Amino acid sequence: MNFNALFCFLMVASAGAQAGTESDPHSYAEPDKVTVNALALDLAVDFDKRELAGSAELSLDWHDAAAHTLVLDTRDLSIESISAIAADGSSSPAAFTLDARHPIYGSALRIELKQAVPKVAIRYHSAPGASGLQWMTPQQTASGKHPFMFSQSQAIHARSWVPLQDTPSVRFTYSAHISAPKGLRVVMSANNAIDAALDGDFSFNMPQRIPSYLMAIAVGELDARSTGPRTAVYAEPSLVRKAAREFEDTGKMVEVAEKIYGPYRWERYDILVLPASFPFGGMENPRLTFATPTVIAGDKSLVGLIAHELAHSWSGNLVTNANAQHMWLNEGFTTYVENRIIEALYGEEDATMQLVVDDQELLEEMRGLAGYAQLLVTQLEGKDPDEALSGVPYAKGRWFLRFLESRYGRDAFDAFVRSYFDHFAFQSITTQDFLDFYSAQLEKEHPGKVSAAEINAWLHEPGIPADAPKVHSARFDGVDKAAASFLAGKLGADKLPAKSWVTYEWLRFINALPAKPELAQIAALDKAWKLSDSGNAEIAFRWYVASIRAGYLESRPQIAAFIQHIGRRKLIVPIYEELAKTAEGKTFAIAQYRKAKPGYHPMTQGSIEKVLGL
Ligand code: BES
Ligand code: ZN
């Protein structure tokens, strides 16, 4: 073979062989040399010390014949000892160093092995302030009787409770043995059993290969209730009935998603309802979505969040972004699939209202973002992936997919997305991998429908392309007309046709209020519709922001109660931001924060302290 032919052969082989090999700027691991393929945890949950303590055994695949150093990610872990386990099972101590702590990425753990051993075992414990865990006192739970602990590993917090290669480009199976105080229940992103004995001793297995950010655990006073043959909810006892009712359509959601996107490959789909301090709305931990109780509105109006986390069972958990720079592959696809599930289950009108509100809020948000922050494919070297969170990978990602759908037609696009999930199942990929597959499939079968320049604009240019598909909600025409007359002073607040408004019609109305609403109009709205007392968190937080802008102080007691109770960043950060804009508001916000802080998750504390400059 001459040199050119060899060169070509190597190029082709490397192009086709391995998806998602781009290096991850947020991990010290060296997956080109060695990868972890299985993890066995043996941990004790200690509520007094606020720590997980025990061991992690990692099974290794070595890819580089010369390599014998294993580099893992850690943050604030105390490493007690490490042993190398040879093929014959014999173990010997391994030397290691722990690098100085990087403020964002933590400390690389460098394990010097004499040879490429098949396994290492690490004895360690987590720190009380571990960024990926929240430890709660009994007083911070609904019953007030027992302590509670839960994890949130995405984006890069798994490393604060397990030493591992904390990059989504590496996938592994896991098993766990967890000991906890008797009477409490331990659940994980694995094979939970509704009828597990609460005897302080739990075993788990996750036979599908997952990335590290999907490692999850929660421990507390948790009841379980079945909602269908493969679905259930776990929640604190006082909430479990209400949660089961709110989420009773979950089984149907799984079925409609399977119909379009292929089999659900994780066996069960259960939901864990966490205490209100959970810093996110939902987290797609495999087999066990973690969810905020703030989606339980009583009328199923916010179950789009469950559709979203379920959708990640295909986009994210099955086909995974290789690193956070390609997050739109996870969140954009998921936001798209979420809306398709809502459309299939609740109808086009509901799905369209959500699209219209999200599109409008995205355009609004992007007006405040620098150009680079508006890109779908991002550059995040040196950055904290948590800080990069915005609506862009979500709503712009979905908009791009809707654009492709509109050009190719729904049937062809659905078939393509389904084959994409099958093709890359259990792999971690980059945008380039997606594009290669797109070119080889959809574009090849239906040439000339979308240009390379158009694709490039969506992925690599700020803003939303001018010819992006627009949606219209007829339901909103009535809301817009009413809002216009109300704002012009022609229609009294009590005359709004809002008795029949569903959640999204209220969101549309509140979003139509001007940047600085009239105090008298806000007061009249509140008097007529009791918006400050809304039990719907999506309506409430938007309303509170509007009321602060208007200088309406009557809603302050409800705002105080809201931010004392809830730790979900999306709901409370905008309130703190708005309060921080005036001296009076900032004083109020700081006083509230000082009281709320012990109940907030470390991530929420970080976000609020940034807003308040503390
Ligand atoms: N995977 C995300 C949460 C996440 C993203 C955590 C990035 C850490 C880093 C989850 O699926 C999500 O998007 N949750 C949303 C809800 C959704 C309906 C938009 C949330 O928590 O608000
Ligand atoms: Zn998501």
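With respect to the conditions (1) surrounded by fewer than 18 Cβ atoms within 10 Å (Cβ to Cβ); (2) part of a strand (DSSP E or B); (3) touching a Lys or Arg at 6+ places or on another chain (Cβ under 7 Å), P128 lacks only one, and its number is (2).
Which residue out of A307, A311 is hydrophobic (A, V, I, L, M, F, W, C), buried (at least 24 other Cβ atoms within 10 Å of the Cβ), closer than 22 Å to V471 by Cβ and within 12 Å of the chain's Cα centre (by Cα)?
A311
Just to be sure before I move on: is A257 among the hydrophobic types (A, V, I, L, M, F, W, C), within 10 Å of ligand 1 (Cβ to nearest atom) and assigned to a helix (DSSP H, G or I) in the structure I sent? Answer is no for this residue. The number of residues in the stretch 306-328 being of a type in the set (A, V, I, L, M) and within 11 Å of ligand 2 (Cβ to nearest atom) comes to 4. Are any residues in the stretch 48-74 farther than 19 Å from A130 by Cβ and touching a Phe, Trp or Tyr at 6+ places or on another chain (Cβ under 7 Å), and if so, which ones? Selection gives V71 alone.
If you go through the stretch 204-237 and pick out every residue that is within 27 Å of A40 (Cα to Cα) and either within 16 Å of ligand 2 (Cβ to nearest atom) or part of a loop (DSSP other than H, G, I, E, B) (or both), you end up with 9. For W399, all conditions in the list (1) within 16 Å of ligand 2 (Cβ to nearest atom); (2) free of Cβ contacts under 8 Å to residues at least 60 places away in the same chain; (3) aromatic (F, W, Y) hold save one; what is the number of the exception? So W399 meets the others, but not (2).
If I filter the stretch 386-395 for residues that are of a type in the set (S, T, N, Q), over 23 Å from P574 (Cβ atoms) and either surrounded by 24 or more Cβ atoms within 10 Å (Cβ to Cβ) or within 15 Å of ligand 2 (Cβ to nearest atom) (or both), do I get at least one hit?
no
For the stretch 286-301, the set of residues classified as within 11 Å of ligand 1 (Cβ to nearest atom) and surrounded by fewer than 22 Cβ atoms within 10 Å (Cβ to Cβ) is empty. In the set (1) buried (at least 23 other Cβ atoms within 10 Å of the Cβ); (2) within 13 Å of ligand 2 (Cβ to nearest atom); (3) within 28 Å of S500 (Cβ to Cβ); (4) not charged (D, E, K, R), the condition left unmet by M353 is number (2).
Quick one: which residue in E248, E267, E343, E331 is away from ligand 2 (no atom under 16 Å from the Cβ) and either assigned by TED's automatic domain parsing to the domain that holds T430 or assigned to a helix (DSSP H, G or I) (or both)? After ruling out the rest, the residue left standing is E343.
The values are calculated or read from the model by the stated rules, or taken from the named source; none is laboratory data. Because the structure is predicted, anything quoted here is derived from the model rather than measured. Here Cβ is always computed from backbone atoms with ideal geometry, including for glycine, and neighbour counts include all displayed protein chains.
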